[in-house]
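Here the structure comes first, spelled out in structure tokens, and everything after it is commentary.
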Amino acid sequence: MKWISRNFDPARVSASSLLITVGLVFGNIGTSPLYTMKAIFNNAEVYNDLLVYGSLSCIFWTLTILSSVKYITITLQADNRGEGGIFALFALIRKKTTWAAVLTMIGGSALLADGILTPAISLTSSVEGFKLFNPDLSVVPIVLFVFIIIFFIQQFGINFYSWTAFGPIMLLWFLMLAIIGSFQIISTPEVVKALNPVYAWQFIMQYPGGFALLGFVFLCITGAEAVYSDLGHCGRKNIRISWSFVKISLLLNYFGQGAWMLQHHDSNASMPFFNMMPDWFLVPGLVISFIATMIASQALIRGTFTLVVEAVSLNFWPKIKIVNPTEVRGQVYLPFINWTLLVLCILSVVIFRESRNMEVAYGLAIAITMMMTTLLLMSYNKSRGLNSPLATSFLFFFLVIESIFLLSNLHKFLQGGWFTIALASLYFLVMFGWYFGRKIKNRRISFVKPDTFFETFKDLKEDKSIPKIATNLVYIIKANNPDQVESKVIYSIFNKQPKRADHYWFLHVDMVDEPYRCEYKVKHIIPGILIRIDFHVGFKVDPQINLHFRQVVADLVRSGEIELDSGFESLKKHGLPADFKFVILERVMLPDFKLSNIENFILTIRDFVRIISISDEKALQLDSANTITEQIPIQIDQPIENRIKKVCKDLS
């Protein structure tokens with residue numbers, strides 16, 4: 001199918017783009033019928049009509065209010081130049097307060113933790129369906145084997161799977177949901193009474209344990225946050241149009257399962273999704289379900305990669321190796337995250353073993369994420385001057401509903417919810433230590449104006465008593481102001497060990513909120529001696545600074561702004577090009593500086609997290625053969641409590 005290519009435009013609506021959207025975006029929420037109704041029925045105290053009508057009514061209004069209204073209608077409007085997700089939402093907030101950063105960390109951590117259990121529960125539920133043929137089937141080994149395959153092939157990129165398979169298979173999946181559910185509804189049409197919200201109210205207030213069962217109703221909505229995160233893959237219009245089809249298919253299947261339950265109160269309801277299938281279709285249905293959950297798991301893993309890349313770019317996560325296995329825009333592969341996810345997914349399957357055990361652990365973390373997204377939307381509206389009473393009332397209404405769902409999920413904590421909360425807490429500590437540790441160190445940075453050192457640079461360049469370290473010496477700097485540079489850079493050039501060169505370069509990499517921006521600016525601070533380059537790189541762009549810098553140098557040579565001849569006379573006469581050497585300054589805190597307890601705690605976390613971080617040299621993709629990493633102490637002015645005293649020599 002030639003219509004699927006790397007030139008796919010998310011902003012354009014077509015039959016092919018809608019098919020891609022169905023395949024890539026709705027896998028998570030689309031496979032929820034496998035376990036949602038099963039979880040409700042298997043944890044119910046009494047089997048009666050109110051259980052069916054009430055739970056279906058709750059599912060319908062949850063999908064309508066939270067999915068259709070909050071996410072599809074409202075939240076998708078908060079796109080960062082086409083990109084979505086909780087980190088992109090944080091990037092949109094103009095005044096990035098500590099409060100907003102913490103909300104983002106909590107929501108992002110919970111979403112990443114949820115990404116561990118989602119593939120596990122979906123795949124395990126589909127494999128358990130085969131137990132209808134063989135009750136003694138060992139589910140765990142099969143699921144683990146499939147996980148190993150899925151995570152192994154991530155390194156080859158999405159083209160390895162062929163985009164042509166995703167859309168049609170998931171289209172077939174949703175059609176199957178709709179058709180099977182419709183046949184059950186036709187045989188028991190009174191099930192449509194569940195559209196009345198009164199049943200939802202009666203279910204919560206009158207059914208025994210109804211409020212606790214809301215925690216299982218919530219499973220129908222757990223993929224909504226992932227839809228927002230996938231905004232950049234398929235575009236707002238494609239998601240909104242295809243959601244209409246997806247939602248109808250989901251509701252038809254949920255109501256079909258409810259209709260089956262109305263007819264089989266006393267039957268085995270352990271797997272209503274498969275139980276309601278006709279006998280002749282059970283095998284094809286099982287196979288389609290298994291393949292659909294594999295696709296959904298793969299899509300969620302890719303979504304996790306995207307989230308982590310955005311977190312890295314916004315300094316919420318340590319720098320890690322990022323690979324672009326295909327030429328498809330936005331497709332990345334993170335080896336460390338991939339294998340970590342595999343280990344955690346295997347661990348979750350080994351711990352819980354059955355989908356019914358995962359159901360009681362699932363949903364708690366994602367409820368937290370949804371609340372954080374709502375609070376960030378309020379902050380976003382306020383920063384943009386969009387906090388009208390109507391908009392604020394809407395978001396507050398969503399916050400109340402999500403708070404109710406969170407409370408209904410709290411009973412899951414001791415039954416298994418601790419697992420995702422523990423993972424989320426671990427992710428949060430990583431983000432907290434990395435983000436605020438960087439801020440603590442940045443507060444100790446002092447800046448100077450480099451043009452005030454004109455004579456010093458000139459004299460150093462001409463000082464033959466100092467060996468020339470390179471023709472072009474390139475410093476990676478952090479000063480955002482184009483007229484400033486860190487004082488430590490000047491210290492490194494002139495004080496620590498004088499570094500003579502013909503030309504000095506200051507490279508500043510500005511990670512901007514616009515996801516795919518890739519531009520540069522040039523400023524000749526000291527003509528012929530010192531040049532500053534500012535790279536403006538979007539948070540979804542791979543920062544190939546070595547490559548970008550070579551392109552900038554080539555542009556400057558063509559424009560006649562610089563010459564690229566070697567600075568060594570013996571090489572220059574042979575027409576050899578100039579050499580370049582990069583310098584990265586690593587700021588270290590000396591042990592005799594006193595910080596507050598919280599600052600010491602944060603820096604301890606950051607130092608521990610550095611274990612999984614790659615160096616700036618690798619993160620910026622610099623040439624390691626021509627890069628120097630130099631440690632510079634962070635100076636902190638602090639009072640001296642006990643001044644050392646000079647002792648006069650005793651002459652007697």
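For K468, the accessible surface of its heavy atoms amounts to roughly 50 Å² (probe 1.4 Å, protein chains only, rounded to the nearest 10).
Amide H contacts of E83: none lie under 5 Å away among residues 5 or more positions distant or on a separate chain (H built 1.01 Å from N in the peptide plane; Pro and chain starts excluded). For the chain, the residue among L214, V512, L18 whose Cα projects farthest onto the positive side of the dipole built from Cβ charges is V512.
By the rule of a C-alpha distance below 12 Å, with chain neighbours fewer than 8 residues away ignored, the aspartates and glutamates paired with K523 are D451, D483, D534, E561.
Each distinct pair of alpha carbons in the stretch 1-147 adds a 1/r term; the inverse of their mean, the Kirkwood radius, is 19.2 Å. Modelled this way, with points 7 Å down the Cα-to-C-beta line, the labels at V400 and K237 are 3.6 nm from one another. Hey, with R₀ at 35 Å, roughly what FRET efficiency would N324 and K382 work out to, going by the Cβ-Cβ distance, to 0.05? Step by step, r from the Cβ atoms, then E = 0.45.
Cα centroids of the stretch 343-377 and the stretch 192-257: 17 Å apart.
A quarter of the convex hull surface defined by the alpha-carbon atoms of the stretch 173-310 gives 10.2 nm² as the mean projection. Taking K488, K449, K499, K95 and ordering them by how much accessible surface each has at a 1.4 Å probe, largest first, produces K95, K449, K488, K499.
About its Cα centre, the dipole of the chain is roughly 1380 debye, where the only charges are +1 on Lys and Arg Cβ and -1 on Asp and Glu Cβ. If the chain linking V69 and F211 were pulled fully straight, counting 0.36 nm for each residue of separation and taking away their Cα-Cα distance, it would gain 48.8 nm.
In a fully extended conformation the segment linking N442 and L390 would gain 14.7 nm over its present Cα-Cα distance, using 0.36 nm per residue. Dividing the radius of gyration of the alpha carbons in the stretch 378-496 by their Kirkwood radius gives 1.28 for Rg/Rh.
Spacing of the modelled spin labels on T97 and T340, each 7 Å from Cα toward Cβ, amounts to 3.0 nm. The simple Förster model, with R0 at 60 Å and r as the Cβ-Cβ distance, assigns E462 and F601 a FRET efficiency of 0.75. The equivalent ellipsoid that matches the C-alpha gyration tensor of the stretch 433-491 spans semi-axes of 29, 14, 9 angstrom, in descending order.
With both residues required to sit in the chain, DSSP beta bridges show an antiparallel share near 30%. Across the chain, the mean sequence separation of Cα contacts (distance under 8 Å, 6 or more residues apart), normalised by length, yields a relative contact order of 19 percent. Placing a label point 7 Å from the Cα of I469 along the Cα-to-Cβ line, the residues of the stretch 505-529 whose backbone N sits under 12 Å from it are 505.
Taking 7 Å steps out from each Cα toward its Cβ at N196 and H536 produces label points 6.0 nm apart. Within the full protein context, the accessible area of D79 is estimated at about 40 Å² for a probe radius of 1.4 Å.
Shape index of the chain: Rg/Rh, with Rg the Cα radius of gyration and Rh the Kirkwood radius from the inverse mean 1/r over Cα pairs, equals 1.07. In the stretch 297-379, the alpha-carbon atoms span a convex hull of 124 Å³ per residue.
In this calculation the C-beta distance from V647 to H411 is compared with R0 = 56 Å, giving a FRET efficiency of 0.20. The orientation-averaged shadow of the Cα convex hull for the stretch 63-166, equal to a quarter of the hull surface, comes to 10.3 nm². Compared with the dominant Cα axis of the chain, that is its longest principal axis, helix 364-383 is turned about 60°.
For the stretch 497-561, taking Cα atoms only, Rg and Dmax work out to 13.1, 39 Å respectively. On full extension, the segment bounded by V140 and S244 gains 33.9 nm, given 0.36 nm per residue less the C-alpha separation.
Helical runs assigned H by DSSP (4 residues or longer) give the chain a calculated mean residue ellipticity at 222 nm of -16500 deg cm²/dmol, each run adding -39500 (n - 2.57) before division by the residue total.
Can you give the accessible area of Y53 in Å² (nearest 10), computed on protein heavy atoms with a 1.4 Å probe? Probe radius 1.4 Å; accessible area of Y53 about 20 Å².
If you find the alpha carbon centre of the stretch 54-93 and of the stretch 487-503, how far apart are they in angstrom? Cα centres, the stretch 54-93 to the stretch 487-503: 52 Å.
The values are calculated or read from the model by the stated rules, or taken from the named source; none is laboratory data. The structure displayed is predicted, hence computed values, not measured ones. Here the Cβ is made from the backbone with ideal geometry for all residues, glycine too, and neighbour counts use every protein chain on show. In case anyone asks, the SASA skips ligands and DNA or RNA and just uses the protein heavy atoms, side chains included. Shrake-Rupley method; radii C 1.70, N 1.55, O 1.52, S 1.80 Å.
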